[in-house]
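What follows is a short report on a single structure.
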Amino acid sequence: MNIAMSTHEFIKELIDSGLTERQAEVIARHQTAVINESLATKQDVALLKQDIELLKKDLLLKLGSVMVGGFVVLSGIMLSVLSLLLN
């Protein structure tokens, strides 16, 4: 991903502040590389969204399983109590 940064303006500003043209160019090149490596692309964000959706589905399935398990345990307890009351 390339940022919309005017390296020409950046270099000009560095030179105006007292750096040589070569120093300014090296700084600008490295600054641009660091920024480009640090930013997420639209594809990166899309992949993260897919991962989040998969995690949500997995969590819902696990939560559903826990709820069903809880219902089964509660039903067993209720049947045991009912059985004791009827005897």
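A short reminder: the numbers here are calculations on the coordinates, not readings from a lab. Remember, predicted model here, so these are calculated numbers, not experimental data. So basically every Cβ, Gly included, is an ideal-geometry build from the backbone, and we count neighbours across all protein chains shown.
Assorted remarks:
- 17 Å cut-off, amide nitrogen to a point 7 angstrom out along residue 17 Cα→Cβ, residues in region 27-58: 27-35
- Additional length obtainable on full extension of the chain from residue 61 to residue 84, 0.36 nm per residue less Cα span: 4.8 nm
- Taking the convex hull of Cα positions in region 7-85, its mean projected area over all directions (nm²): 9.1
- By the rule of a C-alpha distance below 30 Å, with chain neighbours fewer than 8 residues away ignored, the lysines paired with residue 42 are 56, 57.
- Each residue of region 52-57 was assigned a 3J(HN,Hα) from its phi angle through the Karplus curve 6.51 cos²θ - 1.76 cosθ + 1.60 (θ = phi - 60°); the sequence is 5, 4, 5, 5, 4, 5 Hz, with glycine and proline shown as x.
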